[in-house]
Amino acid sequence: MINIAKNVGTMMIALGMLFSALNANAHTGATGVVKQRMDAMSGMADAMKSMASVVKGKKAFDPAVFIDNGEVILWHSETLTTLFPEKSIQGDSEALPAIWQNWDDFVKINERTKSDAKKLVEMAQQGSKLRPLTKQFVKLSGGCKACHKGYRKKK
């Protein structure tokens, strides 16, 4: 069991490095704080995709997936608003001016995301089953959707 956990941990680190390299290529035109937030958002998206694969039954249920990836989202959401200083939409930024026009709402969505990620991690650490974790995951994804809908350029 310990060897499996070590292998999964090693694999997660390797995947993280791979995704970081891919994200670096995707954001080659971005610099400074814009690149930092694009990288943070990519990290959060990768974490959500990993959990979604369990929720959709594409990967076997493992609470560590929710713990590890929930912590990634929690970690990024701790400082996310600092990555949006005023007038930082130059270059390849996908941010909309609505962020700064509705700053309090933007912060509120981030706080909800942080709270939902923390609860997801705690539930998984306490041995929660897949169904309740799925419900919390869906709640967490609602924050992502709300932010993308109002504050991110459409792709």
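The ellipsoid equivalent to the alpha-carbon distribution of the stretch 30-155 has semi-axes of 28, 14, 12 angstrom, derived from the gyration tensor eigenvalues as √(5λ) and listed largest first. What does the net charge come to around Ile99 if you take all other residues with beta carbon closer than 13 Å to its beta carbon, with K and R at +1 and D and E at -1? Summing Lys and Arg as +1 and Asp and Glu as -1 gives +2.
The local environment of Glu71, defined by Cβ-Cβ distances under 11 Å, has a net charge of -2 under the rule Lys, Arg +1 and Asp, Glu -1.
Every number here is computed from the coordinates shown, using simple stated rules; none is lab data. What you see is a predicted model; the values in this text were computed from it and never measured. Note: ideal-geometry Cβ built from the backbone for every residue, glycine included; neighbour counts use all protein chains shown.
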